[in-house]
Amino acid sequence: MEDLLHYHYDVDGGNFASAGEASVQVKRVLRQMGFPPDLIRRVSIAMYEGEINMVIHAKGGDADVYLSPEQIRVVLKDVGPGIKDVALAMQEGYSTAPDNIRSLGFGAGMGLPNMKRYSDEMTVESTVGVGTTITLVFNAF
Amino acid sequence: MTVADLVQQSGWSPILLADDTREITGGYAGDLLSWVMGRGQYGDCWFTIMSNLNVIAVAQLLDVACVVFTEGVVPDAAVVNAARLHDINLIRTDEPTYAACVRLGGWMQ
Ligand SMILES: Nc1ncnc2c1ncn2[C@@H]1O[C@H](COP(=O)(O)OP(=O)(O)OP(=O)(O)O)[C@@H](O)[C@H]1O
Ligand SMILES: [Mg+2]
């Protein structure tokens, strides 16, 4: 399937106090393009969780959004520490977030489960010491 | 009820009313942001004691009707400025979260 549009965002790893900017921008773009509100909500929430994870667990990364009329694909790629046990990380409540991050309201261990729940397809490729790439697919209908 | 109705009924202090015609269709109380992301709904009145910038991103992405800071929490200027940029209604109260939720529940009957 051909992607009509591609948006790229550098996700800054240093600034977890104001992370989430890429997701907020994507939400605005999708709204301008007239995608259905429910789809926009699912995409922006799932992308936000992935964006925040890159900031707090991997010192930042790249977010790419590919749009076609049928499908929205979000690819979150970082060169952080990787996830040793993906199945464990996907469980609700599992978190390795440090205390200073928890005090900002993160660390419930709900981010990856939310990404799974809000997307139609989710693939996690992760290698310890190399990085993590998460692909989220959302069907427009 | 609208956000304007809420402010009037509750006596809670508006910090920023970007659009007080927003309809409140439900409520959610929580401080763990991805919990809120997973459970909060469009149109909710969101009660929280979290007051950092990430609250604004979550409020914006969920499109809640308003954020109510409870238990005497006061957000700083950067948070209010971000809310202004994204048209988020912000309210505060000294009331405990539970009491505030109970009152909203009564008005929403
Ligand atoms: N991009 C990543 N790089 C390395 N580890 C990650 C990454 N994303 C997630 N993890 C690991 O998976 C765990 C679970 O992630 P998840 O998003 O579900 O919860 P959390 O980020 O810890 O808390 P929450 O998302 O609820 O604020 C993290 O604590 C972390 O150990
Ligand atoms: Mg997370």
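Nothing in this text is a laboratory measurement; each read-out follows from the coordinates by a stated rule. Quick caveat: nothing in here was measured; it's all calculated off a predicted structure. Note that we place each Cβ from the backbone using ideal geometry, even for glycine, and neighbour counts take in every protein chain shown.
Quick notes on this one:
- For the stretch A:103-116, the Karplus equation 6.51 cos²θ - 1.76 cosθ + 1.60, evaluated at θ = phi - 60°, returns couplings of 5, 8, x, 9, x, 6, x, 10, x, 4, x, 5, 4, 5 Hz by residue, with Gly and Pro reported as x.
- Lys/Arg +1, Asp/Glu -1 at C-beta; the protein assembly as shown dipole; positive extreme among B:Val7, A:Gly109, B:Leu104: B:Leu104
- Of all the options A:Lys27, A:Lys77, A:Lys116, the one that moves most in a Gaussian network model of chain A with Cα springs shorter than 10 angstrom is A:Lys116.
- Rh by Kirkwood over Cα pairs, then Stokes-Einstein D for chain A at 1.002 mPa s and 20 °C, µm²/s: 142
- Options A:Gly34, A:Met54, A:Leu88, ranked by Cα towards positive dipole end of the stretch A:27-141, top entry (Cβ charges): A:Gly34
- Stokes-Einstein D (µm²/s) once Rh is taken as the Kirkwood radius of the stretch B:42-81 over alpha-carbon pairs, at 25 °C in 0.890 mPa s: 240
- Placing +1 on the Cβ of every Lys and Arg and -1 on the Cβ of every Asp and Glu, with no other charges, gives the stretch A:5-139 a dipole of roughly 260 debye about its Cα centre.
- Taking the Cα centre of chain B as origin and assigning +1 to Lys and Arg Cβ atoms and -1 to Asp and Glu Cβ atoms, the resulting dipole is close to 100 debye.
- Across peptide A:51-61, the average count of Cβ atoms from other chains found within 10 Å of a residue's Cβ is 1.
- Set of lysines with alpha-carbon distance to A:Lys27 below 25 Å, sequence-local pairs under 8 removed: A:Lys59, A:Lys77, A:Lys116
- Peptide A:106-116, shielding by other chains (average Cβ, 10 Å cutoff): 4
- Sequence-distant residues sharing a close amide H with B:Gly43 (under 5 Å, placed H): B:Val64, B:Ala65
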